[in-house]
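The values are calculated or read from the model by the stated rules, or taken from the named source; none is laboratory data. Since the structure is predicted, the reported quantities are computational estimates derived from the model, not experimental observations. Because the Cβ atoms are built from the backbone with ideal geometry, glycine has one as well, and the counts that use them run over all protein chains shown.
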Amino acid sequence: MMREIQVVFGIDMETDIGSWTPFYEGVTKGTPLMLDLFAKKSIQVTGFWVAETARRFPEIVREMKSAGHEIGAHSLYHETIGDSLFDIPGIYPLLPEEVYPRIEKATNIVEDITGEKVVSWRCPRLFGGTEVTNSLETLGYECDATYPMYYYGNQLFPYHPSKDSWLNEGSLNLIEIIQFADMGMESEDPYGRDKDPWPLYRTRSTAELIPHIESFIRYIETNDKSQKPLVLCFYLHPWEFWEMPEGLIHFGEGGVFPDPFLVKGCGEYCLNQIEILIDWLLSKEAVFLTAGTCARKWKDILSVS
């Protein structure tokens, strides 16, 4: 019997180039191209909105919602609210006592725009933590799509996290959705980031990404005999669908010089490669789900397992 393949496309709605700039070319110009593609393929996705971005562009939030996609939250200002996986100069995690009020504020802003309860969350840069999941539980969230398999590697399927450690299974109602990685390959990166499929489809091609997906599927088949559905959760960004500038980007009193992988292939090439990826996944009879729908399905799965 073939496992069901569940696919979650999470779109992190933030400023351009991974929030390394204050610009919104991706949100304003890349989002319509994304939505056209998803409509063409008849798939639903989850937009994880940074609250400040949502506050600036409420009409785009509502457009995404009216197109049938889920609206989730992605922090207040794209700050680090969990445990840092690696150091980034000048970026420090919130203090534990700051986490809940920041998540609550971000949630309220997005909910005021949509008029609906927000139930899906993802931490910026996949820097999650126990304070985060406990806060999400208190606020009534149904899922957190943060767990980076490439870094921690222990969890392969969605699970209920523990109130004592978000990395372990426990009794929270919240479902932790895994960001899949190629667990069948040997990493050459100290953090395991080369196991992460992002952004291989853009910096190289979907043709070079597919073997990593197949390797992950083989890894699951070898290490798990339960026949639980296999979840492929991707994170994408609207700025990837609009050509980004190369070299020094100046603003304010300084600027940034993005690493080439951040801007390579953005625009039409990325759009084409994601379409190829969607077609390949559909050829494997994959089912595309929003993060919230995926979480609800896994609550049922875990309740009988």
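Things worth noting here:
- Selection status of residue 19, hydroxyl-bearing (Ser, Thr, Tyr) and modelled with pLDDT under 95: yes
- When restricted to residues that are of a type in the set (Asp, Glu) and under 21 Å from the mean Cα position of the chain (by Cα), region 85-99 contains 1.
- Residues in region 124-172 that are over 16 Å from residue 230 (Cα atoms), of a type in the set (A, V, I, L, M) and surrounded by fewer than 22 Cβ atoms within 10 Å (Cβ to Cβ): 126, 139, 167, 172.
- Search result, residues across region 59-76 that are buried (at least 16 other Cβ atoms within 10 Å of the Cβ) and either assigned to a loop (DSSP other than H, G, I, E, B) or not basic (Lys, Arg) (or both): 60, 61, 64, 69, 70, 71, 72, 73, 74, 75, 76
- Candidate set: region 199-241, residues that are among the charged types (D, E, K, R) and part of a loop (DSSP other than H, G, I, E, B); chosen: the one farthest from residue 176 (Cα to Cα): 204
- Residue list for region 17-42, restricted to those being in contact with a helix residue (DSSP H, G or I) (Cβ under 7 Å, 6 or more places away or on another chain) and among the aliphatic types (A, V, I, L, M): 17, 27, 33, 34, 35, 37
The rows are residues; the columns are (1) in contact with a helix residue (DSSP H, G or I) (Cβ under 9 Å, 6 or more places away or on another chain); (2) under 30 Å from residue 133 (Cα atoms); (3) of a type in the set (Phe, Trp, Tyr); (4) buried (at least 20 other Cβ atoms within 10 Å of the Cβ).
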| site | (1), (2), (3), (4) |
| --- | --- |
| 185 | yes, yes, no, no |
| 191 | no, yes, yes, no |
| 226 | no, yes, no, no |
| 243 | yes, no, no, no |
| 252 | no, no, no, no |
| 260 | yes, no, no, no |
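- The number of residues in region 99-117 being in contact (Cβ under 8 Å) with a residue 12 or more places away in the chain and among the acidic types (Asp, Glu) comes to 2.
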